[in-house]
Amino acid sequence: MTAPLAIDVEGLTKRFGPRTVVDGIALKVPAREVWGFLGPNGSGKTTTIRMLCGLLRPDAGRGTCLGLDIVNEAEAIKLQVGYMTQRFSFYEDLTVEENLSFVARLYGLPKRRRTVEETLERVGLAGRRAQLAGSLSGGWKQRLALAACMMHTPKLLLLDEPTAGVDPQARREFWEQIHALARDGVTVLVSTHYMDEAERCDRIAYIAYGKLLATGTVAEVIAGARLSTWVATGPGRDDVARTLAGVPGIGTAVFGPSLHVSSPDAEALRRAIQPVLGNPRLAWREAAPSLEDVFIHLISGAPRP
Amino acid sequence: MLAALGRVIAVTLKELIQLRRDRLTFGMILGIPVMQLVIFGYAINADPKRLPTALLSRDPGQIERNIVGALERSGYFRIVAEVSGQREAERLVATGEVAFVVTIPDGFTRDLLKGERPRLLIEADATDPAATSNAVAALAQLPRSALLHDLPDLVQAPPFEVLVHRRYNPEGLTAYNIVPGLLGVILTMTMILMTSLAVTRETERGTMENLLAMPVKPAEVMLGKVLPYVAIGYVQVAVVLVAARLLFQVPMLGSLGLLTLALLAFLLANLAVGLTFSTVARNQLQAMQMTFFFFLPSMLLSGFMFPFRGMPDWAQAIGEVLPLTHFLRIVRGILLKGNGLPEIWPEVWPLLAFAGVAWTVAILRYRRTLD
């Protein structure tokens with residue numbers, strides 16, 4: 001028997017005027033998994049997440065969240081889904097405690113005071129309960145937002161770039177919390193721009209220009225791209241980057257002192273770098289492609305609208 | 001110097017671009033002066049003519065016809081009803097259907113011809129002294145004008161007396177009219193502004209997205225949003241009424257309980273207007289501009305600042321739609337005339353109808369999604 005799907009949608013499409021922002025996306029997320037949702041800015045991640053939790057009505061496509069229809073049962077979905085918006089959207093002129101209390105009332109949580117109290121303790125906000133939410137730093141705002149959308153113990157968490165603008169320490173703690181939640185049976189879909197966060201996910205989905213380009217574990221996505229990658233290290237990397245920039249089918253990316261050059265066509269790649277292989281200011285080696293190399297390749301290959 | 005000019009031009013251009021993008025603001029900048037021109041130029045008339053008048057005649061005949069003719073010739077009076085008893089005359093004045101009742105007493109013609117200088121009684125609704133003062137002043141010419149043609153001999157010494165009885169406000173104090181009216185004006189301003197800002201603020205600050213993602217229904221949000229303002233509205237009412245009583249000695253003849261109930265209908269109507277604006281406005285500035293756009297005609301066309309009956313029909317028609325118009329009649333009626341529910345009902349149901357329509361529009365327009 002296959003695991004039940006927490007998210008099961010197909011053909012999901014959203015248009016804003018003449019622009020198709022999300023174009024026929026199919027997503028099957030098994031319960032209890034942590035999925036990373038990746039893609040460049042404006043690729044349709046936020047729009048997809050909003051359609052999943054009933055904030056936007058899809059123009060085409062259908063599907064379910066936690067077995068509930070995303071179009072007709074949006075109200076029931078809201079009770080079981082926690083959605084953390086990209087921009088902090090709690091009340092800046094309410095205190096931490098007042099915000100949590102407000103959310104607890106809206107969900108009609110029993111033993112509201114105790115729930116709020118426990119939430120404050122668990123996320124370490126007890127000492128800041130009387131502080132206005134607007135005066136919190138980015139990391140604390142993120143904790144508050146996560147705590148607020150977790151209070152009604154949702155079965156599915158939709159997190160829209162929760163770690164944007166948050167320091168590495170807070171990000172690490174955040175991910176520990178996500179994995180703890182997943183162990184407790186919560187399904188998580190989290191959009192991010194960070195590669196290290198993608199690698200913390202059970203599976204990733206990569207979307208660009210509204211189209212889903214790849215899904216699977218990080219290893220599967222990398223293998224699926226069938227890329228060959230060469231790494232050149234040395235002071236001459238910028239010259240080479242400029243030389244190879246215009247070559248079709250070849251993606252380049254600078255990582256610190258190194259230049260990654262990738263292509264799905266190993267032969268073409270070898271021919272392209274042949275002239276510069278002898279450059280004395282560079283050391284060349286063939287390497288396994290990284291997730292980022294794969295993403296650069298996916299974007300460059302994606303049909304632009 | 002030239003560089004400074006360049007920077008000034010840069011800022012100016014940026015402002016112009018932003019102004020052009022904000023269509024609503026741009027519209028208001030043009031719309032408000034046009035509205036003011038139309039209202040002040042065409043609608044407002046501080047010297048209302050052809051005021052509705054009831055005739056209570058106990059002495060029909062030629063003299064009666066002469067008096068009626070003279071009244072209508074003066075331009076200020078228009079006989080709209082002929083009543084047979086004092087009770088019906090009372091009702092017409094109380095509901096505001098007529099501004100005057102002209103009573104020709106029994107034996108008027110006989111006494112007139114005997115030279116006994118009978119009295120013609122004219123009761124004026126003086127709740128709004130400005131509306132009736134010119135008409136009352138014109139009455140001085142009435143005896144002469146009524147009899148000049150048929151009985152020129154009698155015209156030399158005034159053949160009859162005109163007794164003017166200023167009802168509800170015998171001293172013609174403007175405060176009696178303005179202070180209760182202010183109640184409506186203040187409530188219109190605060191209720192619409194506060195609610196339109198309350199919802200627009202959620203949109204502007206991005207908290208609306210969160211609110212929509214949580215299991216709370218639109219009607220629940222709206223009701224929760226307006227309830228505090230209903231309470232604030234009643235506090236304002238209490239403050240104004242206490243001031244009206246203590247500082248201006250405004251009479252309070254009717255039931256304050258009835259006023260409290262009628263207020264609810266008025267508050268609901270205004271709150272719904274505010275909510276509707278908040279579903280249209282994209283930011284708090286726009287919400288304020290829309291409030292002003294509604295407030296201006298409310299103030300000018302409702303009978304608060306200028307006599308309602310002085311306005312042309314089209315302006316009166318607009319005025320009849322505005323909640324403030326009806327509320328002014330209710331509050332003046334209850335406080336100054338001691339009206340009860342039967343007399344104010346003709347003004348209450350339009351308020352309820354307005355509130356019903358406005359709430360429907362507000363609820364239908366309220367966004368359930370971010371589409």
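Of the helices (runs of 4 or more DSSP H) lying entirely inside segment B:14-101, those containing at least 1 residues that are acidic (Asp, Glu) and surrounded by 12 or more Cβ atoms within 10 Å (Cβ to Cβ) span B:62-73, B:86-95. Note on segment B:186-218: among residues that are surrounded by fewer than 20 Cβ atoms within 10 Å (Cβ to Cβ) and farther than 27 Å from A:Ala148 by Cβ, the one that is nearest to the other protein chains (Cβ to nearest Cβ) is B:Thr190. Filtering B:Val250, B:Val221 for residues that are away from chain A (no Cβ under 14 Å) and β-branched (Val, Ile, Thr) leaves a single hit, B:Val250. Highlighted here are the helices (runs of 4 or more DSSP H) found entirely within segment A:43-132 that include at least 2 residues which are open to solvent by 60 Å² or more (accessible area, probe 1.4 Å): A:74-80, A:96-106, A:112-122.
Please go through segment B:7-58 and pick out each residue that is more than 27 Å from B:Met305 (Cβ to Cβ) and not aliphatic (A, V, I, L, M). Once the filter is applied, which keeps residues that are more than 27 Å from B:Met305 (Cβ to Cβ) and not aliphatic (A, V, I, L, M), segment B:7-58 yields B:Arg7, B:Thr12, B:Lys14, B:Glu15, B:Gln18, B:Arg20, B:Arg21, B:Asp22, B:Arg23, B:Phe26, B:Ser57, B:Arg58. What residue, of B:Phe277, B:Phe308, B:Phe266, B:Phe327, is within 14 Å of the chain's Cα centre (by Cα), open to solvent by less than 40 Å² (accessible area, probe 1.4 Å) and either farther than 21 Å from B:Val179 by Cα or modelled with pLDDT under 95 (or both)? Just a single option satisfies the conditions, and that option is B:Phe308. Considering each residue of segment A:67-76 in turn, at least one proves to be away from chain B (no Cβ under 13 Å) and touching a residue at least 24 places away in the same chain (Cβ under 8 Å). Among the residues making up segment A:87-106, those that are among the hydrophobic types (A, V, I, L, M, F, W, C) and within 13 Å of chain B (Cβ to nearest Cβ) are A:Phe88, A:Phe90, A:Leu94, A:Leu100, A:Phe102, A:Val103, A:Ala104, A:Leu106. Residue under question is A:Asp265, and the condition is that it be out of contact with any Lys or Arg (no Cβ under 8 Å at 6 or more places or on another chain), of a type in the set (D, E, K, R), open to solvent by 20 Å² or more (accessible area, probe 1.4 Å) and under 20 Å from A:Arg171 (Cα atoms); does it hold? No; evaluated as a whole, the condition is false for this residue. Note on segment A:208-305: no enclosed helices (runs of 4 or more DSSP H) hold 2 or more residues that are among the polar types (S, T, N, Q).
Please pick out the residue among A:Gly246, A:Gly210, A:Gly216, A:Gly224 that is touching a Pro at 6+ places or on another chain (Cβ under 8 Å) and not basic (Lys, Arg). Quick ask: steps written out before the conclusion?
Numbers: A:Gly246 fails: touching a Pro at 6+ places or on another chain (Cβ under 8 Å); A:Gly216 fails: touching a Pro at 6+ places or on another chain (Cβ under 8 Å); A:Gly224 fails: touching a Pro at 6+ places or on another chain (Cβ under 8 Å).
One residue alone meets the criteria, A:Gly210.
Reported count of residues in segment A:1-42, each being exposed (fewer than 14 other Cβ atoms within 10 Å of the Cβ) and either among the charged types (D, E, K, R) or within 14 Å of A:Ser191 (Cα to Cα) (or both), is 4.
Among the residues of segment A:107-141, those identified as within 14 Å of another protein chain (Cβ to nearest Cβ) and in contact with a strand residue (DSSP E or B) (Cβ under 8 Å, 6 or more places away or on another chain) are A:Leu132, A:Ala133. A single entry from A:Gly36, A:Gly67 fulfils the requirement of being modelled with pLDDT under 95 and under 20 Å from A:Tyr83 (Cα atoms): A:Gly67.
The values are calculated or read from the model by the stated rules, or taken from the named source; none is laboratory data. Everything numeric here is computed off the predicted structure, so don't read it as measured data. Backbone-built Cβ (ideal geometry, glycine too); neighbour counts: all protein chains shown. Side chains included, ligands, DNA and RNA excluded: accessible areas come from the protein's heavy atoms. Shrake-Rupley method; radii C 1.70, N 1.55, O 1.52, S 1.80 Å.
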